[in-house]
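J.: One structure, pasted below without further comment.
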């Protein structure tokens, strides 16, 4: 078997720093190709009893993520424990609901439990020949010249050095691997915080584990300068996230007491608040998370080190694409290995960053763009009408018009191309909408003529 | 005397980290106000024999810098050892010269020796009651909660902690004080490198210390994708700086041998090369410097810590404003102390960053903008004609039109306002220039009518 491999795994083991979602999937990809893969993770093994889950309980998996999971044969397994969300349901201040489908009939994004997904990927990685997992290993520093990790065992506190030949940094937004690259000359880097924090809260399950809101939807309470969302869990509960300014008249700073919180929630989220009996407790016990966009370049150091996932490009969560983008990094790297073989790492690392950097930059912009859409525009009937008209155009001109959201979420079109096409389509919609007062206007001959003219000019 | 002060210096000594140009000037400002000021500097005392000068030998001082130096009464003293540069002299590939004045008659920027200026400011600071200077003190870390510096004495290697109440970070582009702030949540930060490095070289003095190029000018060899500049020194030499791509057909990477260097310089800088007998030696012995723009925010931590100068806003050198911007930070802080008194540091720090951040952001953009102007546009006769026409407009409409360069260099107009006005004026010039083929065309009635119309619309 080993004789069939184009290289000797023993001669060149691969090292992955970080066994979160992207690190565990990457390890699986690399080991399936026949590589020996050593994986180090700062935290304890999340599959052991007593493990404390960190941030965001559920995530939205979409096509790019599914594609990457399919590549290691785990997609069907995960789909079993995901909940399809076929659209957004907007809740106004009176509790009225408006529904907007995410895509065509049958298209959906999936609410998936982060912990479950991570544990499943770790199980698969551990069962895979060639993978060795090492938990509780904090990276204190990296000697890039000596190709050596300096680790601390968080159980024994003992420090030790581990040599590497190829190091993959999948250790997240606050990556220790990136920190080592950042100390090199000519390393571009930025971290940009939104003036918003987030707080995770819970809508409880109803009697018998029933969902108290529509199950197959992502719920949004858009309030202009802030918003709350909710994603369904399998047990009938919803995980809510409030995205809220740090300062100002309606802000974290302004809600100081349990009574403040309840009064505020009752006023602005009247339909949700009765479903959140733990609100006061959770609001003060759960940490306030920050929202950062991290960009850097280069993502590689010679042919020794490569950054992937949040370590290379952390984004804000408003497009539900952070994990999907990191998973797509894994499938793209796998394609490059198919293309160039498993030995020419210099070419692979160079092509990886050249291909992925503009796409993940575009995704970072898209994520901030969608923040404004979710907190503000989805509450505007004109905006929702525009989305309906756009769906009609897409249906009338199949293959020639794909709404931006669909390109990002339900296609593998590179993010940068999707963003550029989306901006062109937005410009067309801006010219079209003044002629349209209602959904039925779309069928008016003059509107149809306009649409046709725009489509011709586009070609 | 002490009884007249509105505060007790003993109760609240001030701490300055970094005794470079901005740190030494700031210390002088603060001590002149009656504060006790403790200054720590990583390097050895530059006034001691054997001190190794670091980067860039000479700097261009302009009005903002002079204003700040005047505030502590040192401007006249420095002007004695500065060399007025009244314009740019462009050298083409044939060695032909073109001159472009910087401003009106009598306006100039000044070539000043960095080391001399720093030593003079340190002498003044040391002589000032209340200032204590501590050299060879490297900041290893800062405990922001405990308000404590962790320093290493670079002579004895002994580490010690020093408490502070107000800490001013003037420790440059790679600031240790900023690094401590950066570890806080919600600290925005970016470092952006140009794909260009710089190399310092020397045009020697002629016989008897004569200047071999025009003394009172900044010399530029614009070559499209790269450039060299030269500033005069008092000893008859010029300090040259080559700004050059790291990679590519004409780049640092492409010049590997002394013969490569001489052949390249002889071809592209034919008039300068014979005046640079140490070229080959210097090219390989002098380090290649990198060019970074650093932005961050906030610049303060509570009412405890404030960043100024390059620590808050390092820029590329192409507008000659890095030091001037840092000096202006000092005079602006001094004005805020005049306005709010010497005790309300919370207000002063908050107003300082609110006022200076947009201006130094604009200056960072201007510096990159001027890179393109210096390496490329100044070689274009149409561009030089435009500058002449602009000077005519400025002369015809005094007080209503000030060229961008003059606003940045010869005024105290906030940088952001200067940049905005410059962009408006650029748009007008773009409409005007198609009607102008030569300098004399400016007096044509139709052109005069156009100019007048633009000026009316501007009002």
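J.: Stokes-Einstein D for segment B:380-458 at 4 °C, 1.567 mPa s, Kirkwood Rh over Cα pairs, in µm²/s?
T.: On the way: Rh = 12.9 Å.
Translational D for this selection: 100 µm²/s.
J.: If you don't mind, another one. In percent, what relative contact order does chain A have, based on Cα pairs under 8 Å that are 6 or more apart in sequence?
T.: 17 percent
J.: Can I ask one more? Please state, rounded to one decimal and in Å, the Kirkwood hydrodynamic radius that segment B:134-251 gives when every pair of distinct Cα atoms enters the mean of 1/r.
T.: Numbers: mean 1/r = 0.0539 Å⁻¹.
In segment B:134-251 this quantity evaluates to 18.6 Å.
J.: Please work out the Cα center distance from segment A:155-181 to segment B:373-389, rounded to the nearest Å.
T.: 51 Å
J.: Need the C-alpha centroid separation for segment A:250-268 versus segment A:269-333, integer Å.
T.: What the calculation gives is 26 Å, centre to centre.
J.: Going 7 Å from Cα along the Cα-Cβ axis for the label, what nanometre distances separate residue B:341 from the same residue across the other copies?
T.: 7.8
J.: What ranking, highest mean first, results for peptides B:403-416, A:301-314, A:88-101 when packing means the other Cβ atoms within 10 Å averaged over each residue? Please list the in-between numbers first.
T.: Details: B:403-416: 20.0, A:301-314: 24.6, A:88-101: 14.9.
Highest to lowest by the protection proxy: A:301-314, B:403-416, A:88-101.
J.: How fast does segment A:61-116 diffuse by Stokes-Einstein, in µm²/s, taking the Kirkwood radius from C-alpha pairs at 37 °C and 0.692 mPa s?
T.: So the translational diffusion coefficient is about 257 µm²/s.
J.: Moving on to the next point. Extending each Cα 7 Å along its Cβ direction at residue B:157 and residue B:424, get the distance between those two points in nm, one decimal.
T.: Roughly 6.2 nm, to one decimal.
J.: Now, a different point. Over the alpha-carbon set of segment B:193-290, divide Rg by the Kirkwood Rh and report the Rg/Rh ratio to two decimals.
T.: Numbers: Rg = 13.1 Å, Rh = 13.7 Å.
Value, to two decimals: 0.96.
J.: Counting only C-alpha contacts under 8 Å and six or more residues apart, can you give the relative contact order of segment B:106-242 as a whole percent? Mind showing how you got there, number by number?
T.: On the way: 159 pairs, mean separation 21.5, N = 137.
Across segment B:106-242, relative contact order equals 16 percent.
J.: Taking the 0 to 90 degree range and rounding to the nearest ten, how far is the long axis of helix A:445-458 tilted relative to the main principal axis of chain A, both from C-alpha atoms?
T.: Taking the Cα atoms of chain A, the angle to A:445-458 is about 20 degrees.
J.: Sticking with this structure for a sec: Inter-copy label distances at residue A:381, 7 Å along the Cα→beta-carbon direction, one decimal in nm, shortest first?
T.: 6.6
J.: I've got another one for you. Could you work out the relative contact order of segment A:193-290? I mean the mean sequence separation of Cα pairs under 8 Å and 6+ apart, divided by the number of residues, in percent.
T.: Relative contact order of segment A:193-290: 36 percent.
J.: Okay, next question. Can you tell me the orientation of helix A:345-375 relative to chain A, as the angle in degrees between its alpha-carbon axis and the longest Cα principal axis, to the nearest 10?
T.: The two axes meet at around 30 degrees.
J.: Also, I was wondering about something else. What is the antiparallel percent of DSSP beta bridges lying wholly in the protein assembly as shown, to the nearest 5?
T.: Values: 105 of 141 bridges.
Taking every DSSP beta bridge with both residues in the protein assembly as shown, the antiparallel ones total about 75 percent.
J.: Quick one: the Cα spread of chain A along its three principal axes, in angstroms, biggest first?
T.: On the principal axes, chain A reaches 68, 59, 44 Å in Cα extent.
J.: On a C-alpha basis, how far is the centre of segment A:54-114 from the centre of segment A:394-428 in Å? Whole number, if you could?
T.: Value for the Cα centre distance between the two parts: 19 Å.
J.: Over all directions, how big on average is the projection of the convex hull of the alpha-carbon atoms in segment A:302-416, in square nanometres?
T.: Working: hull surface 32.3 nm².
Orientation-averaged projected area of the Cα hull: 8.1 nm².
J.: Can you give me the three principal axis dimensions of the protein assembly as shown from its C-alpha atoms, in Å, biggest first?
T.: 95, 75, 74
J.: Next question, about the same structure. Restricted to Cα positions, what overall size does segment A:258-357 have along the principal axes? Three whole-Å values, descending.
T.: 61, 21, 18
J.: Can you tell me what share of the DSSP beta bridges in chain B is antiparallel? A percent to the nearest 5 is fine.
T.: Details: 51 of 69 bridges.
So the antiparallel bridges amount to about 75 percent of the total.
J.: Another question, if that's okay. Specify the angular offset, from 0 to 90 degrees and rounded to the nearest 10, of the alpha carbon long axis of helix A:381-396 from the longest principal axis of the alpha carbons in chain A.
T.: With rounding to tens, the tilt is 70 degrees.
J.: If you don't mind, another one. Please report the residue of chain B with the smallest beta-carbon distance to the B-to-A rotation axis, and give that distance in Å, no decimals.
T.: B:190, 2
J.: While we're here: Can you check what the Kirkwood hydrodynamic radius comes to for segment B:300-366, Cα pairs only, in Å to one decimal?
T.: After inverting the pairwise mean of 1/r, the radius is 12.3 Å.
J.: Can you give the mean number of other chain Cβ atoms that lie within 10 Å of the Cβ atoms in peptide A:66-77?
T.: Values: counts 0, 0, 0, 0, 0, 0, 0, 0, 0, 0, 0, 0.
Mean shielding count: 0.
J.: Beyond 20 Å, what share of the Cα-Cα pairs of segment A:85-206 remains, rounded to the nearest whole percent?
T.: Numbers: 5127 of 7381 pairs.
Above the 20 Å cut-off, segment A:85-206 has 69 percent of its Cα pairs.
Every number here is computed from the coordinates shown, using simple stated rules; none is lab data. What you are looking at is a predicted structure, and each value in this text was computed from that prediction instead of being measured. Positions of Cβ are generated from backbone atoms using ideal geometry, with glycine treated the same way; all protein chains shown enter the neighbour counts.
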